[in-house]
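Student: Sharing a structure below in structure tokens format, with a few things to ask.
The values are calculated or read from the model by the stated rules, or taken from the named source; none is laboratory data. Given the structure is predicted, the values throughout are model-derived calculations rather than measurements. Cβ placement follows ideal geometry from the backbone for every residue including glycine, while neighbour counts extend to all protein chains displayed.
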Amino acid sequence: MSEHKEHNHPQEKVGVYVCHCGSNIAGTINCGEVSEWAKDNPHVEVSRDYEFMCASTGQELIEKDIQEKGLTRVVVASCSPHMHEKTFREATERGGLNPFLFEMANIREHGSWATNDKKAATQKAKALVNAAIDRVVHHQPLEKIPVEINPSTMVVGGGIAGITAALDLADAGHHVYLVEREGTIGGHMAQIDKTFPTLDCSACILTPKMVEAGQHDNITLLSYSEVEQVDGYIGNFQVKVRKKARCVVEEDCTSCGICEEKCPVQVIDEGYGAGLGHRKAIYRAFPQAVPGYPVLDKENCIYFQTGKCRACEKFCPTHAIDFDQEDEILNVDVGNIILATGYELFDARKIPQYGYGRLENVFSSLEFERMINASGPTGGHVVLRDGKTEPESVAIIHCVGSRDKNYNEYCSKVCCMYSLKFAHLVHEHIPGAEVYNYYIDMRTPGKGYEEFYNRLLKEGTHFVRGKVASISEADYLPGEEGKLIIQSENTLLGKQQRKPVDMVILSAGMDPQPDAEEIGQLFKAGCGNDGFFSERHPKLAPVATMTDGIFIAGACQGPKDIPESVAQGGAAASAVAKLIGQGTVMMEPIRASVREEECSGCRICNTMCPYNAIEFDEEKEVSRVITALCQGCGTCVAACPSGVIDGAHFTNTQVLSEINGILWDVQTEHEKATA
Amino acid sequence: MTENGKPKLAMYWASSCGGCEISVLNIHENILAVDEIFDLAFFPCIADFKVSDVEGYPDNYIDVCLFNGAIRNSENEHMAQLLRQKSKVMVAYGACSHVGSIPALSNLTSREATLKKVFLDNPSLDNPHEVLPQTSVHTPEGELTLPEFYHTVKKLDQVVDVDYYLPGCPPEPPQIWAVLQVVAGALTQGDPLPPAGSVVGAGNSAVCDECDRVKHEKAIDRFYRPYEIQPDPEQCLLEQGIMCMGLATRSGCGALCPTVGMGCRGCYGPPAGVEDQGAKMLSAVASVIAAGDETMEEDELETLIQEAVDTIADPSGTFYRFSMSHSILQRVKDANGKGAA
Amino acid sequence: MTEQFEPVIVGFLCNWCSYRAADLAGTSRIKYAPNMRPIRVMCSGRVDPQFVLSALRNGADGVLIAGCHPGECHYVNGNIKALRRFTLMKDTLEQWGIEDDRVQLLWASASEGAKLAEAVNRMTEEVRALGPLRWSEKVLTGNGAAQPAVKEA
């Protein structure tokens, strides 16, 4: 007997449809029994069960009943609303009712698929159907809210996926902000020498795209920049970007390279060089860097550490060095964001028995890429760590860190292919070298990949099917002096095997970026169990995320090769272009609103909203929801102590009725009467 | 009984403190107007009436009955039913009959525990034979009866239909006088009455609406017992960590308590849009606890929040101080000693 | 032979994480206790304590609130507010004699279908061990019991 009720048992006519979904539901739940039972609910006007409600004939049932039986509400008991809520809302609308006068009962994913107990499943189905009926009678007609889409887009990450997405959108005539954290775009692809299976020179196919992106009228390249804050929602994001100080005045720099030449400091190139070779304290990552302006590494710069030197400033012909340059904060408004932040190579130091970082002549795959590159620190020669000795034998270890419960359970997709590529390149650079590939399976699924493998088989590489247990310097047998000893299994021979080699290359897998979780939180893109960004649907929406307006492309979504990264970059661009083409997007009308006449001005709700959608009117002393900013979470509705905030489509009355309905078989008669 | 045609007024006290009767007198000189308009049909507090008087009335003889006090025992219930039968309009007057109020705090314990504490387990008692009150005892002079002591304290509308609710512990004089005028107008001039089931003599917002303290966005680190700190006289009490039920309490009292530095205790019951006053208060208060944020590890987050929540000494006793009977669960399941303070 | 007591647990699952986790459990054909009856909310922050109390009052033996892991909430931090309310609500419910295991909070991301299923299984057994709550029948009825007897003077 409460004093305040929104509605008192409205007289609605509900149509109930229990779907068989073939045998997916009907195999476990007695659909006929459920639809027959539903007729006992006083709100129900018609109740049916049917084979496939989502088929056109099923939908027509709904439309027909609305028109012929004067239904005012519709309930479909079938799959998850994430599958077909849209379908049935549209059918409801075609029948002549507002699409929000519809509710679904999920008796498949939450019912028949989740239990073998037929009795319990049918009982649960009744509860869920009853809940939906009791809820739907309190639904109100609602209209979707149009939101304008800002045609500018931000692409975060300037690797091949990001560059592809940016160019596709720019060529379509839309403005793009391409944000890249390093001093140059290019990503990991710029580190690679040759690409499988065609053995194209990576830089040759990448650099033209980099240049195009750097020069395109529609692309604003924000290099050496990072995103710090993202506010807003689809169509209307406000992004804060920190343009870090290069200490180089871009307008004056001619990329002549004199500063780099004159800089006396040499540090190991951990970034582009993957730890092989050196760079200066003021440097461009590689000669074809876009943009060509160098970056000053303050941590290793003599001036910033001791106040001396300043050689670069002295020798710069255009006086473009500015030690006092500060970071700049830019506020950028965009309509959509594409995350193409890439991957990090698995750190083989995590596997101490492989000796990476301890044993000189154990190299990571990216180090080896830099080595065989003609413009790399060894001039393209395959040599040991001493910089001059050519190895006579090279071992290439597949699956380092991948397919391994101790590290990453997943397969990193590209390592078999690049391991084969390395085998080929070693043979090419050192004819007569003994090359050993240690593998578990040979994964060569792409176009031309199997053919590449077959070609390799004829080049004399020794393939050993077996995991490597250790790589060590235990060179105690004669002839092994100074060599690395590989202890492995050979499953095809059924034996353990010991092999001395001069050099080892570890084909490490792809890890998500170390800060993927934080970046994800910044953009409200979740990460899956393996740490890569989660796509909205694994099959049908691989580049969308759960957050409207935020897309993902490339290796940040999961390990993949270059063609797939390019494809995803294009797919994300296409998804964004679709929204820009639409101009406005219709948002779900699930919003909060304050009943201002009753608001006491307590201000509890003011800190509830992460979208700053609640403002306080100082004059009237009431709080108010800005509808355009509200995303419909309902947190403020639950927080309001006087119950004056209404959450459309998730009102207290609706949810409390749903709770009542779901407890049909355990409620007492007294409760049913007074509900 | 009078036959002069004046509207008949009754006022009865069930399980109450008597404050509601005094509040009627608190309307000062207006009491004379009340005396002019109404005839008293039953008002045991101030005049000599007997239950048999009421039993003798025809049904609906009494025009307005102001029933205060909660339903603690069978006599309270019997009188509620009797007066309902004999009255046209039944008003749940004051917090006890409206939402349960202080007597309903007994729902934090049990009948057994209460009787034990009062009659058996008490240092100042001398009851060697462990005598407990009985509903019926035969003596040579005849049978003596006592009402049955209920396990659960109820509010008035849980035993009879109620026409209007007049909140407050006690209701405020201006509100009482306003309601009496409306009723008098209806009875003597045929003026319309508010819809049955309405809350009258109160506002349609929460106490914060009437409170002059300055309110900011809320982020509370911890709570204090009222004796622990000296609150700033201008700022919202809740923001300073003093529990104040005002945000989850119906307006109408003029925010008397917060004005003098005492946190509202919630005696006007829940605001119009709320079913369970305690639940809403707990939701609001917890929502603005400043402990933890989404960047923390789960364990750290839980610890910080628990520490802040632990500064609230007695959540049920505080949030449900007045509204136990009106709440969704109404009483505790086990008297586990954690309910009763 | 008496039938085993089957607890009825009302679950409030958030649209973006835990509801999808339950969907995933079903899609993966993971079989788990059918005792949890899901109610969808957009965010665990929408869960009003009145919902929990209403479920307990109307016959539920237990209530599960499931949301996204802290840091992963689709609406940034709705789940943090849910956690704060849950913490205070648990302290309150303890005073009402409602056993700890009956009202639980779970974080489950959309990819954690197996975890959700396992949690439902575990909670079902925990509530089963506590027995039916059936608030109206067991707690609210039986007001005027017979008076305790007096010892002879």
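Student: What single numbered condition from (1) part of a strand (DSSP E or B); (2) within 27 Å of residue A:353 (Cβ to Cβ) fails to hold for residue A:474?
Tutor: Just one mismatch for residue A:474, condition (1).
Student: Turning to a different aspect of this structure: Is there a residue being within 30 Å of residue A:518 (Cα to Cα), within 11 Å of chain A (Cβ to nearest Cβ) and assigned to a loop (DSSP other than H, G, I, E, B) anywhere in the range B:295-306?
Tutor: Yes: the range B:295-306 contains one or more residues that are within 30 Å of residue A:518 (Cα to Cα), within 11 Å of chain A (Cβ to nearest Cβ) and assigned to a loop (DSSP other than H, G, I, E, B).
Student: Still on this structure: So which residues in the range A:477-535 are in contact with a Phe, Trp or Tyr (Cβ under 6 Å, 6 or more places away or on another chain) and of a type in the set (D, E, K, R), if there are any at all?
Tutor: Scanning the range A:477-535 gives A:511, A:530.
Student: In the range A:312-354, how many are touching a strand residue (DSSP E or B) at 6+ places or on another chain (Cβ under 8 Å) and assigned to a helix (DSSP H, G or I)?
Tutor: Here the count works out to 5.
Student: If a residue must be of a type outside the set (Val, Ile, Thr) and under 23 Å from residue C:134 (Cβ atoms), how many such residues does the range C:43-68 contain?
Tutor: Qualifying residue count for the region: 15.
Student: Whether any residue in the range A:17-25 is crowded, with 19+ Cβ neighbours inside 10 Å, out of contact with any Lys or Arg (no Cβ under 9 Å at 6 or more places or on another chain), aromatic (Phe, Trp, Tyr) and not in a loop (DSSP other than H, G, I, E, B) is what I want to check.
Tutor: No, there is no match, as no residue in the range A:17-25 is crowded, with 19+ Cβ neighbours inside 10 Å, out of contact with any Lys or Arg (no Cβ under 9 Å at 6 or more places or on another chain), aromatic (Phe, Trp, Tyr) and not in a loop (DSSP other than H, G, I, E, B).
Student: Within the range A:575-610, take every residue that is among the small types (Gly, Ala, Ser) and in a strand (DSSP E or B) and give me the one that is surrounded by the fewest Cβ atoms within 10 Å (Cβ to Cβ).
Tutor: A:593
Student: Within the range A:612-629, can you find the residues that are modelled with pLDDT under 95 and in contact with a Phe, Trp or Tyr (Cβ under 7 Å, 6 or more places away or on another chain)?
Tutor: Result: A:629, single match.
Student: Among the residues that make up the range B:185-192, is at least one of them part of a loop (DSSP other than H, G, I, E, B), under 20 Å from residue B:30 (Cβ atoms) and free of Cβ contacts under 8 Å to residues at least 12 places away in the same chain?
Tutor: Yes, there is a match, as at least one residue in the range B:185-192 is part of a loop (DSSP other than H, G, I, E, B), under 20 Å from residue B:30 (Cβ atoms) and free of Cβ contacts under 8 Å to residues at least 12 places away in the same chain.
Student: Return yes when residue B:292 is under 22 Å from the mean Cα position of the chain (by Cα) and either of a type in the set (Gly, Ala, Ser) or outside any loop (DSSP other than H, G, I, E, B) (or both) and no when it is not.
Tutor: No, not satisfied.
Student: Turning to a different aspect of this structure: Say we look at the range C:25-51 and pick out the residues that are more than 8 Å from every other protein chain (Cβ to nearest Cβ) and not in a loop (DSSP other than H, G, I, E, B); which of these is surrounded by the most Cβ atoms within 10 Å (Cβ to Cβ)?
Tutor: Out of the qualifying residues, it is C:44.
Student: So the check is Cβ under 8 Å with 6+ separation or different chains; which pairs have a first residue in the range A:445-458 that's under 19 Å from residue A:427 (Cα atoms) and a second one that's among the small types (Gly, Ala, Ser) and crowded, with 17+ Cβ neighbours inside 10 Å?
Tutor: Hits for this filter: A:456/A:423.
Student: Hey, residue B:190 hits all of (1) more than 9 Å from chain A (Cβ to nearest Cβ); (2) buried (at least 18 other Cβ atoms within 10 Å of the Cβ) but one; which does it fall short on?
Tutor: (2)
Student: So is residue A:356 more than 28 Å from the chain's Cα centre (by Cα) and under 22 Å from residue A:499 (Cβ atoms) or not?
Tutor: Spelling it out, residue A:356 is indeed more than 28 Å from the chain's Cα centre (by Cα) and under 22 Å from residue A:499 (Cβ atoms).
Student: Are any residues in the range B:129-161 hydrophobic (A, V, I, L, M, F, W, C) and without any contact (Cβ under 8 Å) to a residue 40 or more places away in the chain, and if so, which ones?
Tutor: B:131, B:132, B:137, B:144, B:146 - these are the residues of the range B:129-161 that are hydrophobic (A, V, I, L, M, F, W, C) and without any contact (Cβ under 8 Å) to a residue 40 or more places away in the chain.
Student: Moving on to the next point. Can you give me the ranges of the strands (runs of 3 or more DSSP E) entirely in the range A:498-562 with at least 1 residues that are in contact (Cβ under 8 Å) with a residue 12 or more places away in the chain and more than 30 Å from residue A:467 (Cβ to Cβ)?
Tutor: Once the strands (runs of 3 or more DSSP E) in the range A:498-562 are filtered for at least 1 residues that are in contact (Cβ under 8 Å) with a residue 12 or more places away in the chain and more than 30 Å from residue A:467 (Cβ to Cβ), what remains is A:550-552.
Student: Within the range C:52-92, can you find the residues that are surrounded by fewer than 24 Cβ atoms within 10 Å (Cβ to Cβ), within 7 Å of chain A (Cβ to nearest Cβ) and not in a loop (DSSP other than H, G, I, E, B)?
Tutor: C:76
Student: Is it true that residue B:64 is away from every other protein chain (no Cβ under 13 Å), buried (at least 24 other Cβ atoms within 10 Å of the Cβ) and aliphatic (A, V, I, L, M)?
Tutor: In short, yes.
Student: In the range A:101-147, which residues are away from chain C (no Cβ under 13 Å) and free of Cβ contacts under 8 Å to residues at least 40 places away in the same chain?
Tutor: A:102
Student: A follow-up question, please. For the range B:228-267, how many residues meet the condition of being more than 22 Å from residue B:16 (Cβ to Cβ) and touching a strand residue (DSSP E or B) at 6+ places or on another chain (Cβ under 8 Å)?
Tutor: 15
Student: Would you confirm, using the coordinates I've provided, whether residue B:55 is out of contact with any Phe, Trp or Tyr (no Cβ under 9 Å at 6 or more places or on another chain), under 30 Å from residue B:151 (Cα atoms) and not assigned by TED's automatic domain parsing to the domain that holds residue B:145?
Tutor: yes
Student: Restricted to the range C:100-120, and to residues that are assigned to a helix (DSSP H, G or I) and within 11 Å of another protein chain (Cβ to nearest Cβ), which residue is farthest from residue C:15 (Cα to Cα)?
Tutor: Looking at residues that are assigned to a helix (DSSP H, G or I) and within 11 Å of another protein chain (Cβ to nearest Cβ), I get C:102.
Student: Same structure again: Assuming residue B:113 fulfils every condition listed in (1) surrounded by fewer than 19 Cβ atoms within 10 Å (Cβ to Cβ); (2) modelled with pLDDT of 95 or more; (3) within 29 Å of residue B:332 (Cβ to Cβ) apart from one, which condition is it?
Tutor: With respect to (1) surrounded by fewer than 19 Cβ atoms within 10 Å (Cβ to Cβ); (2) modelled with pLDDT of 95 or more; (3) within 29 Å of residue B:332 (Cβ to Cβ), residue B:113 is out only on (2).
Student: Does the range A:32-70 hold any residues that are at negative phi and part of a loop (DSSP other than H, G, I, E, B), and which are they?
Tutor: Across the range A:32-70, the qualifying residues are A:39, A:40, A:41, A:42, A:43, A:51, A:52, A:53, A:54, A:55.
Student: Go through the range B:194-230 and count every residue that is free of Cβ contacts under 8 Å to residues at least 60 places away in the same chain and away from chain A (no Cβ under 14 Å).
Tutor: Count: 5.
Student: To continue, here is another question. With the requirement that a residue be surrounded by fewer than 18 Cβ atoms within 10 Å (Cβ to Cβ) and under 26 Å from residue A:488 (Cβ atoms), what does the range A:341-382 give you?
Tutor: A:347, A:349, A:350, A:352, A:353, A:357, A:358, A:359, A:360
Student: Among the numbered criteria (1) out of contact with any Cys (no Cβ under 7 Å at 6 or more places or on another chain); (2) of a type in the set (Val, Ile, Thr); (3) under 16 Å from residue A:604 (Cβ atoms), which one does residue B:200 miss?
Tutor: Among (1) out of contact with any Cys (no Cβ under 7 Å at 6 or more places or on another chain); (2) of a type in the set (Val, Ile, Thr); (3) under 16 Å from residue A:604 (Cβ atoms), the lone unmet condition for residue B:200 is (3).
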